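To keep things clear, I will list the structure first and then write my remarks on it.
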Amino acid sequence: MTKEQTWSQRFESALHPAIARFNASINFDIELIEYDLTGSWAHAKMLAHTGIISPEEGEQLIAGLEQIRQEYRQGKFHPGIDAEDVHFAVERRLTEIVGDVGKKLHTARSRNDQVGTDTRLYLRDQIAQIRHKLREFQTALIDIAEQHVETLIPGYTHLQRAQPLSLAHHLLAYFQMAQRDWERLQDVSRRVNISPLGCGALAGTTFPIDRHYTAELLKFDNIYANSLDGVSDRDFAIEFLCAASLIMVHLSRLAEEVILWSSEEFRFVTLKDSCATGSSIMPQKKNPDVPELVRGKTGRVFGHLQALLVIMKGLPLAYNKDLQEDKEGLFDSVNTVIACLEAMTILLTEGLEFRTQRLATAVTEDFSNATDVADYLASRGVPFREAYNIVGKVVKTSIATGKLLKDLTLEEWQQQHPAFAADIYEAISPRQVVAARNSYGGTGFTQVYQALLAAHKLLEGTD
Ligand code: ARG
């Protein structure tokens, strides 16, 4: 970069080349170019609209900006380090194309309000895309859930067998998490979609600009009320990273379950070849790389959230170059969340097969119907705590004799309590155990069918 091209005449020598590289953001903020061009288009229109520049000058600037957009889309725009950042790169190219009038574009604007505008426009688009990906992920969950309402799967607490579940109920838990993610991003959008354009470097401008006009052109819902806040606020990016981190929390939990389920110890799912990988040395292996990568990539998104919090902490008003550090983590988080949502959706849709035979056996080989025995007695008048203690004893003796509850004879049951009758066997069959949990939001089949209907409703008529 030469001093004439960017900064004022107060500089006498060019930057040290290593410092120029250190200072430059063009290698990564080129990601913002389409938004920079759009923001500049709105600014140019406003300059003409308010009479700060002539209508003809406005048209020239807009035509020049459009040409840069075409050049970029055709792969013909390659600004180097000497351009420093995307904003200078565009302004410089504009001046090459339209001549001196290009130098008028930056009237009543600073890179500080410009970069804030670009980042918000970028994030607004990306949020819309992520919300769309969340919808695809939710659709995949519903599709599998629908096939498995009556497939039973062991349910766990403390990773110990607890009570059996409808597999659909288990999958719909993830649907609900994704629903919150979808709603949370909508809420974050409200604070992303506020225009800082016209805040200037920090204090506003001496020109008679119209901030509402640019905000309207750029489809912002509102404008920042305080210019200092407008140029230095990155809350919206932190909020997005929080929402992105929660998406990753949810994806990583599902990923972990798939990894467990595909292990020899569980054998609940088979990974199909299209979504599994092999080992370079152990020929028998089929590895769950996709969910492992999702689990692993969660760390980078959390890291980016932490990084931006630390960047912002104690930062004096208003713009400081530290803020240039907001971008790479933000871009990487967006790309990571999108890639993980896509991969998990493909994994669900075509990479997993639930081993229904194995699952059917799994729910019969444990004591996860013990609560139902206690409930059985409690519903026949035995106080629950007393019933609980009786069943604890039954489980203890059963374990000692190598039996499961279903193997006990009626006589053995009645020795424990006279309230036991022949219907105990039906009451503790896994299917009945699941069906009976018919409280609202429970795993009972009637509830799960209702939940599926409700899930479909949530997806209907949304963007
Ligand atoms: N590349 C800069 C950034 O991303 C643009 C804003 C520069 N502003 C300044 N006053 N140096 O933050």
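Among LYS321, LYS327, which is charged (D, E, K, R), within 16 Å of the ligand (Cβ to nearest atom) and buried (at least 16 other Cβ atoms within 10 Å of the Cβ)?
Answer to the selection: LYS327.
Within the group ARG131, ARG92, which residue is modelled with pLDDT of 95 or more and more than 30 Å from VAL258 (Cα to Cα)? Walk me through how you get there before you give the answer.
Values: ARG131 fails: more than 30 Å from VAL258 (Cα to Cα).
None of the other options fit; the residue is ARG92.
Is one or more of the residues making up region 104-117 away from the ligand (no atom under 16 Å from the Cβ), at pLDDT 95 or above and crowded, with 18+ Cβ neighbours inside 10 Å?
Among the residues of region 104-117, at least one is away from the ligand (no atom under 16 Å from the Cβ), at pLDDT 95 or above and crowded, with 18+ Cβ neighbours inside 10 Å, which makes the answer yes.
Can you work out which of the residues in region 204-254 that are among the small types (Gly, Ala, Ser) and touching a helix residue (DSSP H, G or I) at 6+ places or on another chain (Cβ under 6 Å) is nearest to ASP322 (Cα to Cα)?
It comes out as ALA237.
Looking only at residues in region 81-91 that are crowded, with 20+ Cβ neighbours inside 10 Å and part of a helix (DSSP H, G or I), which one is nearest to the ligand (Cβ to nearest atom)?
Here the residue is HIS87.
Looking only at region 280-294, decide whether some residue is closer than 15 Å to SER333 by Cβ and either outside any loop (DSSP other than H, G, I, E, B) or over 27 Å from the mean Cα position of the chain (by Cα) (or both).
Checked region 280-294: at least one residue is closer than 15 Å to SER333 by Cβ and either outside any loop (DSSP other than H, G, I, E, B) or over 27 Å from the mean Cα position of the chain (by Cα) (or both).
Identify all residues within region 388-415 that are surrounded by fewer than 17 Cβ atoms within 10 Å (Cβ to Cβ) and among the polar types (S, T, N, Q); write none if there are none.
Selection gives ASN389, THR397, THR401, THR409, GLN414, GLN415.
Could you check region 326-342 and list, in sequence order, the residues that are within 15 Å of CYS242 (Cβ to Cβ) and out of contact with any helix residue (DSSP H, G or I) (no Cβ under 8 Å at 6 or more places or on another chain)?
none
It is to be established whether one or more residues within region 181-190 are of a type in the set (D, E, K, R) and touching a residue at least 60 places away in the same chain (Cβ under 8 Å).
yes
Quick one: would you say LEU271 is surrounded by 13 or more Cβ atoms within 10 Å (Cβ to Cβ) and either basic (Lys, Arg) or without any contact (Cβ under 8 Å) to a residue 12 or more places away in the chain (or both)?
no
Within region 125-148, count every residue that is under 26 Å from ASN320 (Cβ atoms) and either surrounded by fewer than 20 Cβ atoms within 10 Å (Cβ to Cβ) or in contact with a strand residue (DSSP E or B) (Cβ under 8 Å, 6 or more places away or on another chain) (or both).
So the answer is 0.
Go through (1) within 16 Å of the ligand (Cβ to nearest atom); (2) loosely packed, with under 14 Cβ neighbours inside 10 Å; (3) within 32 Å of the chain's Cα centre (by Cα) one by one and return the number of the condition HIS78 breaks.
(1)
Quick one: LEU197 ticks every box in (1) free of Cβ contacts under 8 Å to residues at least 60 places away in the same chain; (2) surrounded by 17 or more Cβ atoms within 10 Å (Cβ to Cβ) bar one, so which box is it?
Among (1) free of Cβ contacts under 8 Å to residues at least 60 places away in the same chain; (2) surrounded by 17 or more Cβ atoms within 10 Å (Cβ to Cβ), LEU197 violates only (1).
Out of all the residues in region 304-318, which are within 16 Å of the ligand (Cβ to nearest atom) and either free of Cβ contacts under 8 Å to residues at least 12 places away in the same chain or among the basic types (Lys, Arg) (or both)?
If the condition is that a residue be within 16 Å of the ligand (Cβ to nearest atom) and either free of Cβ contacts under 8 Å to residues at least 12 places away in the same chain or among the basic types (Lys, Arg) (or both), then PRO316 is the only one that fits.
Would you point out the residue of region 246-261, among those that are touching a residue at least 60 places away in the same chain (Cβ under 8 Å) and crowded, with 19+ Cβ neighbours inside 10 Å, that is nearest to GLY303 (Cα to Cα)?
MET248
The values are calculated or read from the model by the stated rules, or taken from the named source; none is laboratory data. Quantities reported herein were computed from a predicted structural model and do not represent experimental measurements. Reconstructed Cβ throughout: ideal geometry from the backbone, glycine too, with neighbour counts over all protein chains shown.
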